[in-house]
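The values are calculated or read from the model by the stated rules, or taken from the named source; none is laboratory data. Given the structure is predicted, the values throughout are model-derived calculations rather than measurements. For neighbour counting, all protein chains shown are included, and Cβ atoms are generated from backbone atoms with ideal geometry for every residue, glycine included. Remember, those area values only see protein heavy atoms, side chains included, never the ligands or the DNA or RNA. Shrake-Rupley method; radii C 1.70, N 1.55, O 1.52, S 1.80 Å.
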Amino acid sequence: MSIERNDHSLYSSYREMLIEHLFSGEVMRTVWLTGSAEKRIEILKPQVDDGGYDIVLEARGIVRHVQLKATFVGSTVKRFNIHKALSEKPSGCVICVLVDMPRFELGPFYWFGGGPGEKLPSLDSLAIAKHTKGDSTGKKNARPNIRVLPITKFQKIGTYNELVLKLFGPDNNARAA
């Protein structure tokens with residue numbers, strides 16, 4: 001079964017949820033398989049998308065507010081709009097997921113955030129985003145709560161194991177192998 005190019009725009013909301021569910025499931029599996037006595041991870045979803053994050057992950061006593069971004073292998077997208085409100089959350093982070101389209105596999109990842117328990121690095125020096133469409137005069141107004149985060153500010157993460165370590169730190173309760 002092939003995916004038509006047009007499907008991505010027609011079903012973009014569905015595709016976004018699919019990526020979110022695949023991502024969440026793989027993070028859950030990775031936490032489960034780390035050898036920890038603590039297998040529990042909570043995944044929460046906000047009712048309204050205005051806080052700067054898509055999901056909240058909690059494991060090993062660490063709460064992460066996560067803004068998920070996705071792009072496709074070979075994409076020319078090099079920047080992402082980030083809501084300032086994310087910087088007010090404890091341990092906020094942005095994870096950009098690369099999607100391999102023929103198989104719809106996720107990874108590698110790009111990480112922007114602090115360590116577990118640390119706030120998001122400052123967004124103050126980033127450009128203020130503008131609306132994509134102009135007003136009646138054609139002017140594209142500023143979006144004062146949205147910042148443009150270039151991919152160069154991200155750290156590349158290759159695997160889910162590395163990503164879980166970034167999210168929650170080392171597993172101090174891991175069982176000896």
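Within the range 134-154, not a single residue is closer than 27 Å to residue 39 by Cα and under 13 Å from the mean Cα position of the chain (by Cα). Within the set 22, 33, the sole residue that is open to solvent by 30 Å² or more (accessible area, probe 1.4 Å) and either at pLDDT 95 or above or under 12 Å from the mean Cα position of the chain (by Cα) (or both) turns out to be 22.
Of the strands (runs of 3 or more DSSP E) lying entirely inside the range 100-177, those containing at least 3 residues that are under 21 Å from residue 25 (Cβ atoms) and hydrophobic (A, V, I, L, M, F, W, C) span 105-113.
Being over 12 Å from the mean Cα position of the chain (by Cα) and modelled with pLDDT of 90 or more holds for only one residue in 57, 68, 44, 10, and it is 44.
Those residues that are assigned to a loop (DSSP other than H, G, I, E, B) and open to solvent by 20 Å² or more (accessible area, probe 1.4 Å), I need them from the range 85-99; list them, please.
First pass over the range 85-99, keeping only residues assigned to a loop (DSSP other than H, G, I, E, B): 89-92.
Within the range 85-99, 89, 90 meet the criteria.
Inside the range 72-108, residues that are over 17 Å from residue 156 (Cα atoms) and free of Cβ contacts under 8 Å to residues at least 40 places away in the same chain make up a count of 8. When the range 112-125 is filtered for residues that are open to solvent by less than 40 Å² (accessible area, probe 1.4 Å) and either over 13 Å from residue 79 (Cβ atoms) or at pLDDT below 95 (or both), the ones remaining, listed by number, are 113, 114, 115, 120, 123. Annotation: of all residues in the range 100-111 being under 23 Å from residue 66 (Cβ atoms) and open to solvent by 20 Å² or more (accessible area, probe 1.4 Å), the one that is nearest to the chain's Cα centre (by Cα) is 110. So is residue 162 farther than 23 Å from residue 81 by Cβ, open to solvent by 60 Å² or more (accessible area, probe 1.4 Å) and at pLDDT 90 or above or not? Spelling it out, residue 162 is indeed farther than 23 Å from residue 81 by Cβ, open to solvent by 60 Å² or more (accessible area, probe 1.4 Å) and at pLDDT 90 or above. Taking the conditions (1) in contact with a helix residue (DSSP H, G or I) (Cβ under 9 Å, 6 or more places away or on another chain); (2) hydrophobic (A, V, I, L, M, F, W, C); (3) modelled with pLDDT of 95 or more in turn, residue 63 satisfies each one other than (1).
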